Each structure stands twice: as C-alpha cells, then as structure tokens.
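Presented below is the structure to which this report refers.
The values are calculated or read from the model by the stated rules, or taken from the named source; none is laboratory data. The model shown is predicted, which means the values in this text are computed figures rather than measured ones. Backbone-built Cβ (ideal geometry, glycine too); neighbour counts: all protein chains shown. In case anyone asks, the SASA skips ligands and DNA or RNA and just uses the protein heavy atoms, side chains included. Shrake-Rupley method; radii C 1.70, N 1.55, O 1.52, S 1.80 Å.
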Amino acid sequence: MELLKNWFKRSFSDPQVVILGVVLLFGFVVIIGLGKWLAPLFAALVIAYLLEALVHALQRMGLPRLVSVVIVFVAFMAVLLFFFLGVLPKISRQTTQLVQQFPSYLSQGQDLLKQLPQKYPQLISEEQVQALMNTLGQEMANIGQQLLTWSLSSVAVVFGLVVFLVLVPVLVFFFLKDKELMIQWFVGFLPEERSLVSRVWAEAEMQIANYVRGKVTEIFIVGSVTYVTFILLGLEYSALLASLVGISVLIPYIGAAVVTLPIALVAYFQYGWGFEFGQVLIAYGIIQALDGNVLVPLLFSEVVNLHPVAIILAILVFGGLWGFWGIFFAIPLATLVQAIIRAWPRNGDGEQNGGNQQVTEESQSLGSEVSQA
C-alpha cells in the first residue's frame, strides 16, 4: 500500500502529468463515447492528415496555402471517383460471381473430402468426414441467414454510406483549409505550461505520420502489384483477391497467412493440382517476401521498432475497441503508449531535472514546429 501511495504521489504531484492525464482521458472518452457518431469526422481527419504532406510540398514550391489545398483536394476527389466508378464496381461484380460459383466450389470440396478415407484410411474415417460435412453445412446455412439479414438492412447501410461520402470530402477540405485556425482553437483550451504533452506529442507525431502514410502507400503498392500479377497469371477474381491482399497488410504476420487460404482455394478450383496452381502460390509468396523484406523497411525506416508480441497485443486490444480503425492505428497507438511510458516520471527523475529541462525545452520547441507544419 505504501508503494502505491508513493507512486501516486510521485506521479501526480507534477502538474504536467495531470495535464497529460486529462488530455488522454478526454480523448479516450470522446472516442469511446462518440466514436460511432463521429466516424466521418475521424475518417476526414485521417485523410486530411495524409493529404497535408502534399499540401506542404506544394507550399514549399511557392504556391499559396489555399491554392495548394484546392489542387490537392481536386486530385483527391479524382482518385475517389476513380475508385468508386472504376475499381469498386469491378470488385463488386467479382464478389457476386464468386458467390454464384460458391455452390459449385462447395460440391467439389465435398467430393474431395469423400475421397480422403479411401486414400488415407489410417488418418481419417468416413464418419469423421461426414461429421465435418454436416458442420460445414450448418455453418453455410448460418452464413446464408446472416447475408439475408444484411441484405434486408442494406437500404439503411446505403443511406449511411451516402451520408458518409458527402460529409467526409467536405470535412477534409475544411480541415486542410483551416488547419491552423483549428489547431489554435484547440491549443487555446490547454494551459500555457504543457511541456510534457508537447514532449509526448513530439516523440509520437513523426512516427505516427510516417506509419499512416507508409501504410496507405504499402496497401496501394501491394494491392496493385498483386492485381497485375494475378491478371498475368489468368487467375479469376483478380481484383477481389488483390484487394484482400492489400488490406491484409494492416495486420502484420496474421493478415498474409489468412489471405493465403482464399487465394489457394480459388487457384485450386480453377487449375487443380498442377503447374499453374504452383505458379500462383509462388508469385504470391514472392510478393509477400518483397513486401516484408524490401517495401516495409523502406517505408517504415523511421518508425520505432516494436516487438511482435507488442504489435499483436496492440491489434487485439485496439481492434477490439474500435474495429477497423483500431486495427489500422494499432501500431501508431502502441507507439503513442510507448512515448507516454517513456515520458512518465520514474524514480530518480528528480536528480536529472537539469538534463530533463533541456530535453523538455527541445521537445516543446519541436512540438511547436510540428504544430506549425
């Protein structure tokens, strides 16, 4: 009890720690309590955060801020229209074709399972195969009911999507145009002496920015290369499978392994066991190897290395809290937690106040520079 009392006194006797705790608590409460309703706002913030680098690059070329914002926003809308008018319909069409072809795939899979007891009687029996087929049948029925329920509520989903697509671009434009005003408004609610908050932000901001922009670039590159490769190999549902591969990079270690299954199944049902089947898996393996050993080190060279266990834990925790966005931001959020832990007062900090004062001033200066970027 005395240890806990001493820790509480050491940590929260510092006003800077209290300020940091209040800021973190406020952000957590807002995201947890209002995250569902503020999803368009958060999505617009992420997109504006990504586009800010392009706006800043145009400004360095001598263009005014407003002109730079308009150019980048028009380019963003062009890419968005291309995605929804060119890419998304193709993915939707291939998804429909795959669903229509699914009963045929299921029948072929059942025939393959029935042959296993004859080929490997020591490993599997006919009763086990029949039990497995019954289980799969029940699961397919449950999935069918879920799809029917989703289709009945699709009108509300489409309406929500339309609202989302209208609000997000508008919010992105104003976030880019009035960035400095909004930052000044938010900072106005914080105390003038906020060195610890600035220190944590200065440490985490650059890494979060590099991660988010690098991850979007990785998704685009991996998805595009996979799509071209599958097209050259003649694999069916290339756009759908390439999209899955691109999205899979959001979940390190696990995503690539999970996406391997649908790719292997589609290749098997299209080609069977043969040279073409091996080509698809070898090409997919090469793409994953290049992604992990070349692209990721190139894009994320400035991101703090986290232990694989910490990454998986962050994905589980933040993904459970916030779904897709929690998975997307799992690593930068883990980086933020790491920055908070490093900045948190420890035993012996009082003996290092002289050195820490200099670090604090440098961090505060860096934080102000980041805010003005």
Verdict on I286 being out of contact with any Gly (no Cβ under 8 Å at 6 or more places or on another chain) and touching a residue at least 40 places away in the same chain (Cβ under 8 Å): no
Tally, over the stretch 242-283, of residues that are under 16 Å from F220 (Cα atoms) and among the hydroxyl-bearing types (S, T, Y): 2
Residue identified as touching a helix residue (DSSP H, G or I) at 6+ places or on another chain (Cβ under 9 Å), at pLDDT 80 or above, assigned to a helix (DSSP H, G or I) and of a type outside the set (D, E, K, R) among V280, V296: V280
Pick from the stretch 239-276, criterion free of Cβ contacts under 8 Å to residues at least 12 places away in the same chain and more than 29 Å from P332 (Cβ to Cβ), ranking: most open to solvent (accessible area, probe 1.4 Å): W273
Cβ pairs under 7 Å, 6+ apart, first in the stretch 37-65 and more than 12 Å from V212 (Cα to Cα) and open to solvent by less than 60 Å² (accessible area, probe 1.4 Å), second among the hydroxyl-bearing types (S, T, Y) and modelled with pLDDT of 90 or more: V55/S68; L58/S68
Long-range neighbours under 8 Å by Cβ, at least six apart or interchain, first residue farther than 19 Å from L38 by Cβ within the stretch 319-339, second open to solvent by 20 Å² or more (accessible area, probe 1.4 Å) and charged (D, E, K, R): A339/E203
Which listed residue, of G326, G348, is within 17 Å of the chain's Cα centre (by Cα), at pLDDT 50 or above and of a type outside the set (F, W, Y): G326
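Quick one: would you say I286 is assigned to a helix (DSSP H, G or I), open to solvent by 60 Å² or more (accessible area, probe 1.4 Å), at pLDDT 90 or above and out of contact with any Cys (no Cβ under 6 Å at 6 or more places or on another chain)?
Working: assigned to a helix (DSSP H, G or I): yes; open to solvent by 60 Å² or more (accessible area, probe 1.4 Å): yes; at pLDDT 90 or above: yes; out of contact with any Cys (no Cβ under 6 Å at 6 or more places or on another chain): yes.
In short, yes.
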